[in-house]
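The values are calculated or read from the model by the stated rules, or taken from the named source; none is laboratory data. Since the model is a prediction, treat every value here as computed from it, not as a measurement. Cβ placement follows ideal geometry from the backbone for every residue including glycine, while neighbour counts extend to all protein chains displayed.
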Amino acid sequence: MKHSRGPLCSIDVRERTAETEDIDDVLESYIGGRALGTKLAHERIPFDVDPLGADNRLFFATGPLQHSTMSFTGRTSATTVSPLTDGLLSSNAGGFVSRNFTGTGYSAVEITGASDELVVVHVTDDGVEFEAVPDLEGATVPETCEYLEDERDLGPEHTAVIGPAGENEVRFASVMTSEERAFGRGGLGAVLGSKNVKAITFDGDSTREVEIPAVQMEIHGEAAQAEHPMKAQGTTSVAEYANMVEALSSYYFDDLSFEGIDGISGDRVEEKKYKKGTCSSCAFACKLPTRDEESGLETEGPEFETLMAFGSNSGVDDIVDVMKSNKLCDVYGLDTISTGDTIAAYLKSEDEFGNVDLIHDLVEKIAHREGVGDQLAEGVDRIHDDLGVENWSVKGMEFAAHDGRTLNGQGLAFATSNRGADHMYAEFYPYEYPLVGEEDAFQKEGLEGKPPKLVELENLNAIKDSAIFCKFSRDFLSEERIETLLAADYDDLLALGGEVVAMERHFNNQRGFDRADDRLPYELPDFEQGLEEYYAERGWNDDGTVPDATVDGGSAAPADD
Ligand code: SF4
């Protein structure tokens, strides 16, 4: 099996030390990316860790395909215990940092401890440097990127940065890379903020040979030639269809479609797109640099999920207003989905849907934990009672779009996901819209026959996150191609994906998660039966826990902090 190459760089920001550890034995079994990060986290993070304490660890990891020049591989993975969900969680980001990460020669970088002053950690193929940056306290993401470019000659393609939201430990703060791409979900930015790390930079020329077969050039060519709606509209190409089939959450989940869709549709986004946008080496180029000529506002996106959270779910029907929300989240370092949904909860409680000035003000207040922003910075799960609204979250994470009340398999997927209500964990929704061929499609309604497919998709995505393939490679990656690229049997890969999901679940079980957490804020037909089928397919216990014997090791040692 192909796997990433290079040792682990373990950085303690409290002690200002960096050690190199050979992890070839782990890499041979765990590919790279999410599988590698999950295995290391399961072994090295105490089960009872405080996500915002010094003993939590954050692992950045690359995969074998980041050593290639294939389309759909411009991504980097990160794993930690989330301050939003309180469970083990991986996130991955696109942009351009993946190749510079690989250039350091490490397969993974671990950040632990907590610094007594604000620092930037520079990781290179020649060692690690700690730079105290007290003047960057409170700096936005663009200000921090500008500093690193001017003072260190390290452009955004070298950097992973937090904004004020991360410094202020907003539970859904993101880590921003390449300035506008995000390790978005789960509050990784707050974890870096709790360690007083303003940024990590990656630089080096170290290349390690990972032989990638010729099929990568076929995929690259097809990605370049393909006529695909995502090339013009990115993920927003599905917006009108989602609205038509009533899968577009609106007005803090009170409605399933939005009468103002025309103002925030994929066509509106395409009208604002002013140039091509992509990630490292990717000929598919689905990103969305947008500009409003009238106001001069420039941003990247919004993607479909942001259209939902700051558009339909907040009662906003003007694309420029959503672009501004998107921009503010990028500037302050916030996950657009959790931020938009949390603001939508507040708008519902105040009967202020559509009040765009209030929305933009709340984004700033959340990032700085000012006034009501301090409360909202905790996320929907922790504040819904105070606001007097329903708890639209799973395991503490706010909902992505592709509403499960219409797409019932995606609903079950939101419930079982180890990282909560996130659409990319299993990605069931393409099979129910459907965005796949007729032979693979499912009816939207009901759960019949869906639990085994859900297990397969969760396992497959765990492998994609480990190799690391972008999920939007869906139409270009057959089973045979995955086997060829990773030099491994497809069923063996799915089994490894299942092991990754089980490790996450096992870690979370030790923190008290069980079946009671695999819950939705709405009823689905035959939900309990679907859940039982899912557990049975995985060989888990009926209470949603993983039998101990199926997962090796783990860090039962208590945390110091
Ligand atoms: S498909 Fe889009 S998001 Fe994925 S790597 Fe290519 S440009 Fe980036």
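A few points about this structure:
- Residues that are hydrophobic (A, V, I, L, M, F, W, C), in contact (Cβ under 8 Å) with a residue 60 or more places away in the chain and surrounded by 15 or more Cβ atoms within 10 Å (Cβ to Cβ), drawn from region 225-252: 230, 238, 239, 242, 245, 247, 248
- Identity of the residue in region 413-427, of a type in the set (A, V, I, L, M) and out of contact with any Leu (no Cβ under 6 Å at 6 or more places or on another chain), that ends up farthest from residue 500 (Cα to Cα): 421
- In region 450-475, the qualifying residues are those that are basic (Lys, Arg) and surrounded by 20 or more Cβ atoms within 10 Å (Cβ to Cβ), and the one that is nearest to the ligand (Cβ to nearest atom) is 464.
- Scanning region 162-201 for residues that are modelled with pLDDT of 95 or more, closer than 22 Å to residue 151 by Cβ and in a strand (DSSP E or B) yields 175, 176, 197, 198, 199, 200, 201.
- Of the criteria (1) crowded, with 21+ Cβ neighbours inside 10 Å; (2) assigned to a helix (DSSP H, G or I), which one residue 222 fails: (1)
- Among (1) in contact with a Ser or Thr (Cβ under 8 Å, 6 or more places away or on another chain); (2) under 14 Å from residue 196 (Cα atoms); (3) crowded, with 20+ Cβ neighbours inside 10 Å - the single one residue 114 does not satisfy: (3)
- Among the residues making up region 206-243, those that are of a type in the set (Ser, Thr, Tyr) and within 16 Å of the ligand (Cβ to nearest atom) are 235, 236, 237.
- Restricting the first member to region 460-477 and to residues that are at negative phi, and the second to residues that are surrounded by fewer than 20 Cβ atoms within 10 Å (Cβ to Cβ) and among the basic types (Lys, Arg), the beta-carbon pairs closer than 9 Å and six or more apart or on different chains are 461/471; 464/471; 465/471.
- Those strands (runs of 3 or more DSSP E) of region 82-138 in which 3 or more residues are farther than 22 Å from residue 169 by Cβ occupy 119-124, 127-132.
Listed here are the residues, each with its yes/no results for (1) farther than 18 Å from residue 21 by Cβ; (2) basic (Lys, Arg); (3) outside any loop (DSSP other than H, G, I, E, B).
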residue	(1), (2), (3)
41	no, no, yes
47	yes, no, no
51	yes, no, no
54	yes, no, no
66	yes, no, yes
71	yes, no, no
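- Listed by first and then second residue, the pairs linking a residue in region 122-134 that is in contact (Cβ under 8 Å) with a residue 40 or more places away in the chain to a residue that is in a loop (DSSP other than H, G, I, E, B) and polar (S, T, N, Q), with Cβ atoms under 7 Å apart and 6 or more places separating them unless they lie on different chains, are 123/104; 124/104; 125/104; 125/206.
- Residues (in a helix (DSSP H, G or I) and free of Cβ contacts under 8 Å to residues at least 12 places away in the same chain) located in region 478-491: 479, 480, 483, 490, 491
- Any hit, region 282-293, residues being within 16 Å of the ligand (Cβ to nearest atom) and at positive phi: yes
- Test: residue in region 307-330 that is within 16 Å of the ligand (Cβ to nearest atom), under 23 Å from the mean Cα position of the chain (by Cα) and crowded, with 19+ Cβ neighbours inside 10 Å: yes
- Top-ranked residue of region 154-176 - restricted to ones that are in contact with a strand residue (DSSP E or B) (Cβ under 9 Å, 6 or more places away or on another chain) and over 10 Å from residue 141 (Cβ atoms), ranked as surrounded by the fewest Cβ atoms within 10 Å (Cβ to Cβ): 157
- In the set (1) within 16 Å of the ligand (Cβ to nearest atom); (2) at pLDDT 95 or above; (3) touching a Leu at 6+ places or on another chain (Cβ under 9 Å); (4) not aromatic (Phe, Trp, Tyr), residue 73 fails one condition alone, (2).
- Yes/no for residue 478 being farther than 23 Å from residue 76 by Cβ, at pLDDT below 95 and either surrounded by fewer than 20 Cβ atoms within 10 Å (Cβ to Cβ) or within 16 Å of the ligand (Cβ to nearest atom) (or both): yes
- Members of region 250-306 that are over 22 Å from the mean Cα position of the chain (by Cα), over 26 Å from residue 348 (Cβ atoms), of a type in the set (Lys, Arg) and outside any loop (DSSP other than H, G, I, E, B): 272, 273, 291
- Looking only at residues of region 31-70 that are within 16 Å of the ligand (Cβ to nearest atom) and hydroxyl-bearing (Ser, Thr, Tyr), we find that the one that is modelled with the highest pLDDT is 62.
- Taking (1) part of a helix (DSSP H, G or I); (2) surrounded by fewer than 20 Cβ atoms within 10 Å (Cβ to Cβ); (3) among the polar types (S, T, N, Q) in turn, residue 443 satisfies each apart from (1).
- Matching entry among 259, 270, 246 (being within 16 Å of the ligand (Cβ to nearest atom) and farther than 21 Å from residue 471 by Cα): 270
- For region 412-440, a residue qualifies if it is assigned to a loop (DSSP other than H, G, I, E, B) and surrounded by 22 or more Cβ atoms within 10 Å (Cβ to Cβ), and the qualifying residues are 417, 418, 419, 420, 421, 422, 423, 425, 426, 428.
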